1. Which of the residues spanning the range 72-97 are among the hydrophobic types (A, V, I, L, M, F, W, C) and over 15 Å from the mean Cα position of the chain (by Cα)?
2. State which residue is farthest from Asp144 (Cα to Cα) when the search covers only the range 17-50 and only residues that are modelled with pLDDT under 50 and either in a strand (DSSP E or B) or of a type in the set (Phe, Trp, Tyr) (or both).
3. From the list Thr87, Thr91, Thr130, Thr103, which residue is closer than 15 Å to Glu44 by Cα, out of contact with any helix residue (DSSP H, G or I) (no Cβ under 8 Å at 6 or more places or on another chain), modelled with pLDDT of 90 or more and of a type in the set (Ser, Thr, Tyr)?
4. Being touching a residue at least 12 places away in the same chain (Cβ under 8 Å) and either within 17 Å of Tyr38 (Cβ to Cβ) or assigned to a loop (DSSP other than H, G, I, E, B) (or both) is the filter here, so list the residues in the range 125-135 that pass it.
5. Taking the condition of being buried (at least 16 other Cβ atoms within 10 Å of the Cβ) and in a strand (DSSP E or B), how many residues in the range 99-124 meet it?
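The values are calculated or read from the model by the stated rules, or taken from the named source; none is laboratory data. Predicted model, so just to flag it, every value in this text is computed and none were measured. Don't worry about glycine lacking a Cβ; one is built from the backbone with ideal geometry, like all the others, and counts go over all protein chains shown.
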Amino acid sequence: MKKTVKLLMSISLCMCMIMTLFTFNIYAAADGNVKLNYASAKQERDCGVLKGWYTQGEISVKDLGDNKNVVVHYTTDGSTWEDVTATYLKTATDGYDIYTFKTPLCPWNGFYYYNYNCQFAIKYEVNGQTYWDNNNGQDYSVNDSNM
């Protein structure tokens, strides 16, 4: 019995380690003043123990002025929406400014199987105007699980 439990625990640990090698990415090809370049769900671990998930990504915004505000409007539970401010990274050769974002850690709830889902849209404010990239009204979504 103890050998079976140890074997199952070893297999589970190996599967978790293999899953961390893979990320699930989405790439957007939107045109306009703001567009998502990529986003992915990431796992945070401490000594191999799953702590939770977060979403990180990169956004391009057209340089329409100096005082830009780039925000990712997101939910991980489907009802409570939060905002995280994106950070300027660089100006690309095409003239767009590149911003990065990372949502706060969504802690693992301890269940054996848990599916992380983050839905989001991007808001770009400049010169008193607001521009959105919301994946043609469907919002973006990234997913990952602990299995």
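1. Within the range 72-97, Leu89, Ala92 meet the criteria.
2. Tyr27
3. Checking each option against the conditions leaves just Thr103.
4. Of everything in the range 125-135, those that are touching a residue at least 12 places away in the same chain (Cβ under 8 Å) and either within 17 Å of Tyr38 (Cβ to Cβ) or assigned to a loop (DSSP other than H, G, I, E, B) (or both) turn out to be Asn127, Asp133, Asn134, Asn135.
5. Counting residues in the range 99-124 that are buried (at least 16 other Cβ atoms within 10 Å of the Cβ) and in a strand (DSSP E or B) gives 12.
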